[in-house]
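One structure below.
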Amino acid sequence: MAAWALLALAPVAAGTILSFASYYGDHMVLQKEPAGAVVWGYGEPGAAVTVALSGDGGLVLMKKMAQVKEPSGTWMTILDPMDQGGPYTLTARQGSKNVTLRDIYFGDVWLCSGQSNMVMTVLQITNASQELTAAARYPYVRVFAAAPSHSDVELEDLARIDLPWSIPTAENLGHGNFTYFSAVCWLLGRYLYDALRYPVGLVEAAWGGTPIEAWSSPRALQACGLLEDRRSPASSPSISPHQQFSGPQTPSVLWNAMIHPLLNMTLRGIAWYQGEANAFLHTDHYNCTFPTLIADWRRAFHVGSAGQTEPLLPFGFVQLSTYRRQSPQDSFARLRWHQTADVGVVPNARIPRTFMAVAMDLCDEHSPYGSIHPRDKQNVAHRLQLGARAVAYGEKNLVFQGPFPTQAVLEVTRALLNVTYSQRLVWRRRDMPAFEVCCSSPVSLCRWLPAPMVAVRSHTVTLALGGCGTLVLALRYARAEWPCEYQSCALYNTQGLPAPPFLLETLRSSSRAGEVELLLHHPSSLLSWGI
């Protein structure tokens, strides 16, 4: 570990020493216009600090005055909105003292957070050597990594840093296994740079083996009824002894130490890769805890940046990949569904301005880091950056997600169900039991039966209902912990994006001769049936 990671930052003791906060430094990227970048630090209480931004040749482009607050010894200012580019110099002065940061650029700043699949470094992924060599071609994608740290109280600054702001190199992108820098974060930033052609700043704050509760503020947990028990959730009777959690589990301890200190930072977006821990812990609370975390982080970053980070901060996430082949458990399938706030696709009304990378077809049974850690992070990041370009940057006519069903018509006499999709379909695997229908019978309110695909046309899948007849109560797709082999799920669109898993109720509508139209909608009661 680098020497700087061993030095704990002591904001209170540093209050009388003029300095910038821990996550400002040489080589950093600050958020460009239309937002103003927030800059803060420490100084002599009661004194004034002058912050100056200079360009080439030392020409001062702007000056800002900030008063050092008492008793915290902190100051904060907001720079005027700046266009993309650089390099610039940022200087803070207080009396005869000054501190200067160099090689500063303005661009877009993205925060990357989550657990071990976010923490995996470039060294650990497919084609690692080529990816590490390519780092030299991206000097304007700058990287920063907070060190893993937890706290029982909200911290104002980071306790430790693993990687200060740096120009990417093979060494700092592949420092070691599950250390720094995040492969998903790096690749997302690199792909965004290829599309945007201006600087991108990447901030990693992630810790493997951690549940969403540790990343959630107390107010977010309270909104989901999870604040009553402050014990470590690993002690919950719902956790089986063989489940291993490598990171802290106590509610809010990572919010306190790794997110709350960053709230003054002006951001362009967030990327999140987490959920494996919650496939074993409070799984069915995730349809509350995840939407609530998104809303809470957005509100906190907006307030913390004095309104510079936009209220509906773009938020992208990775839907869970795979873990165990032919597992009888359905917790991964339930968690994938809850990641969409029980809607199936994003953005939606519960989690607006979000985007999702479907990863259920990126399985890696022989990963040396365990099958729960697939090495193909390039496709993950590619799918994420498509969503970012469409949702965060408003790129028109960009397909960023796979096909989703919009209608189903039951051919009663032939016992067939025709499911219409939103996009043109590509049928990759014809032998997969991908679809199931929920059938009602005198002895069972809901019995799931396979519904084989007998035909796939441009936008329609035809399913054989077999013994289900006309009593179809629900339809689901890819409802398994390991739903398909690598890049071989049943349905994709023409851009190669997989159809996401779904769970939909069917309600009878208008009938024509020999046909019954079924209205697909999001389930209200199916989960209570144990579906």
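The values are calculated or read from the model by the stated rules, or taken from the named source; none is laboratory data. Keep in mind it's a predicted model, so treat the numbers as computed, not measured. When we count neighbours, we look across all protein chains shown, and the Cβ atoms used for this are built from the backbone with ideal geometry, even at glycine. Surface areas here come from the heavy atoms of the whole protein model, side chains and all, with no ligands, DNA or RNA. Shrake-Rupley method; radii C 1.70, N 1.55, O 1.52, S 1.80 Å.
The figures follow:
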{"read-out": "T406 paired with S458, simple spin-label distance in nm, labels 7 Å along Cα-to-beta-carbon", "value": "1.3 nm"}
{"read-out": "Gain in span if fully extended, R424 to N98, counting 0.36 nm per residue against the direct Cα distance", "value": "111.3 nm"}
{"read-out": "Solvent accessible area, Å² - V153, 1.4 Å probe, full protein context", "value": "90 Å²"}
{"read-out": "Highest to lowest packing among 50-59, 139-148, 208-217, 246-255, scored as the average C-beta count within 10 Å", "value": "208-217, 139-148, 246-255, 50-59"}
{"read-out": "Whether the range 84-187 is rounded, prolate or oblate, judged on the alpha carbon gyration tensor where a/c under 1.5 counts as rounded", "value": "oblate"}
{"read-out": "Full-extension gain in nm, T413 to A349, via 0.36 nm per residue minus C-alpha separation", "value": "19.3 nm"}
{"read-out": "Reachable lysines, given that their alpha-carbon falls under 26 Å from the alpha-carbon of K32 and they are not under 8 places away in the same chain", "value": "K63, K64, K396"}
{"read-out": "The range 163-192 versus the range 358-388: alpha-carbon centroid distance in Å", "value": "17 Å"}
{"read-out": "Value of relative contact order over the range 76-226, rounded to a whole percent, pairs C-alpha under 8 Å and six or more apart", "value": "31 percent"}
{"read-out": "Residue-averaged 222 nm ellipticity for the chain, from DSSP H runs of 4+ at -39500 (n - 2.57), nearest 500", "value": "-4000 deg cm²/dmol"}
{"read-out": "FRET efficiency, 1/(1 + (r/R0)^6) with R0 35 Å, evaluated for K396 and R447 via beta carbons", "value": "0.20"}
{"read-out": "Aspartates and glutamates whose Cα lies under 13 Å from that of K69, excluding same-chain neighbours fewer than 8 positions away", "value": "E44"}
{"read-out": "Extended-chain gain in nm, criterion 0.36 nm per residue less alpha-carbon gap, T133 and S246", "value": "37.6 nm"}
{"read-out": "Burial ranking of peptide ranges 327-338, 274-285 (average Cβ count within 10 Å, highest at the top)", "value": "274-285, 327-338"}
{"read-out": "Nearest-ten-degree value, helix 183-196 long axis tilted from longest Cα axis of the chain", "value": "80 degrees"}
{"read-out": "Förster radius 25 Å - calculated FRET efficiency between A306 and V60, Cβ distance, rounded to 0.05", "value": "0.60"}
{"read-out": "20 Å reach of a label modelled at E156, 7 Å along Cα-to-Cβ, counting backbone N of the range 18-32", "value": "18-25"}
{"read-out": "Value of D in µm² per second that Stokes-Einstein yields for the range 322-447, Kirkwood Rh from Cα pairs, at 25 °C (0.890 mPa s)", "value": "140 µm²/s"}
{"read-out": "Expected-Rg normalisation [2.2 N^0.38 Å, Cα atoms] applied to the chain", "value": "1.04"}
{"read-out": "Neighbourhood charge, 12 Å Cβ-Cβ cut-off, centred on A390 and excluding it, Lys, Arg +1 and Asp, Glu -1", "value": "+3"}
{"read-out": "Nearest-0.05 FRET efficiency for Q495 and A47, computed from C-beta distance (R0 51 Å)", "value": "0.35"}
{"read-out": "Acute angle (nearest 10 degrees) that the helix 377-387 long axis makes with the longest principal axis of the chain, alpha-carbon atoms", "value": "90 degrees"}
{"read-out": "Whole-number percent relative contact order across the chain, with pairs defined as alpha carbons under 8 Å at least 6 apart", "value": "11 percent"}
{"read-out": "Percentage relative contact order, the range 80-146, counting C-alpha pairs under 8 Å, at least six apart", "value": "21 percent"}
{"read-out": "Gyration tensor verdict on the range 255-316 (Cα atoms; rounded if a/c is under 1.5, prolate if a/b is larger than b/c, oblate otherwise)", "value": "prolate"}
{"read-out": "Where trypsin sites (Lys or Arg not before Pro) fall in DSSP loop in the range 343-426, at most 14 other Cβ within 10 Å", "value": "K396, R414, R424"}
{"read-out": "Three-way shape call for the range 346-402 based on the alpha-carbon gyration tensor, with the a/c threshold at 1.5", "value": "prolate"}
{"read-out": "Separation of alpha-carbon centers, the range 251-312 and the range 424-468, rounded to whole Å", "value": "38 Å"}
